[in-house]
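No value in this document is a laboratory result; all are computed from the given coordinates. Just so it is clear, the model here is predicted, and its values are computed rather than measured. Please note: Cβ atoms are built from the backbone with ideal geometry, for glycine as well, and neighbour counts cover all protein chains shown.
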Amino acid sequence: MGGLAHYLEAAGIATTQISLIREHTAIIRPPRALWVSFPLGRPLGIPNNPGFQRDVLRQCLQLLECPAGPVLQDYPHDAEEVAGEPAPLACPVNFAPPADLSTDLGSLLHRFRAEVATMETWYGLAGERKNRPAAPISGLSPARLAEICIDFLEGKEVAVAGDGQTLADLLRTAAEDLRSCYFAAILAQPGQSTDPGKLADWFWGETCAARVINEVRQRCLDHPGKGMRLAGKLLLIPRNQMHRFV
């Protein structure tokens, strides 16, 4: 939709949209977009809450008052949890228990590499299926995405593209694409629930990848660069999952 918006605007039709994946929208740069921190598949928040949904739509439509863009605004509220959600996911990947928040970094990164290697088998299976999830926007393999995060945490130089991409951009993309790869891996198992809230809770609550992303977030918060600090504050972990790491 973001790409289509550029054509509509060129024809003189003003556009606005709701974004569920901020990083994708930041790359496509549509004229106007409202980013919401809700689970995938719920652009207006939880069902049966018309007041909340109207407010989301109202703030999205208010962006039409902006004469020029690109404008990417964050919706200030998280959606409430839904009572009676489906049962927790039965993970098809035999991950070791995630590293505790107090575990030393070296041990965490070792377990993260092993986790990604296990996950890639299921991710490859997902790629063979007709209704597979969308591929990562970076086009990088899960192993390469993992190494970007690991190199950053180990203080190694991380190469960025020469098209204006910043280190903050690359880290945000790596975090978002890792999550997408993990989602694809777990959904490769027949009969899995596709509930977006359960997928998010599984990823942020049960994987070493989530702990590594949190380590990246903390390093970004201490970085002298404004863009890096912004990434650490807002763009690496959804606000409704941040309670797991504080």
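Under the 0.36 nm per residue contour assumption, what length would be gained going from the current alpha-carbon distance of Asp151 and Arg54 to full extension? Kindly include the intermediate steps, with their values, before the conclusion.
On the way: separation 97, 0.36 × 97 = 34.92 nm, distance 4.37 nm.
Gain on extension, Asp151 to Arg54, equals 30.6 nm.
Arranged by the count of other C-beta atoms within 10 angstrom, fewest first, what order do Ile18, Ile186 take? All intermediate terms of the calculation are to be shown ahead of the outcome.
On the way: Ile18 18, Ile186 24.
In order of increasing Cβ crowding within 10 Å: Ile18, Ile186.
Between His110 and Leu234, 0.36 nm times their residue separation minus their Cα-Cα distance comes to what? Working shown, then result.
Working: separation 124, 0.36 × 124 = 44.64 nm, distance 2.68 nm.
Fully extending the segment from His110 to Leu234 adds 42.0 nm.
Using Cα centres only, tell me the gap between segment 162-179 and segment 1-51 in whole Å.
20 Å
Net charge around Ala14, counting only other residues with Cβ within less than 14 Å of its Cβ (Lys, Arg = +1; Asp, Glu = -1)?
-1
If R0 is 25 Å, what FRET efficiency do you get for Ala161 and Ile21 from their C-beta distance, rounded to 0.05?
Values: r = 19 Å, r/R0 = 0.77.
Working from the Cβ atoms, E equals 0.85.
By how many nm would the segment from Arg42 to Arg244 grow when fully extended, if each residue of separation counts as 0.36 nm and the alpha-carbon distance is taken off?
70.5 nm
According to a simple spin-label model (label point 7 Å from Cα along Cα-to-Cβ), what is the distance in nm between Gln62 and Leu221?
2.8 nm
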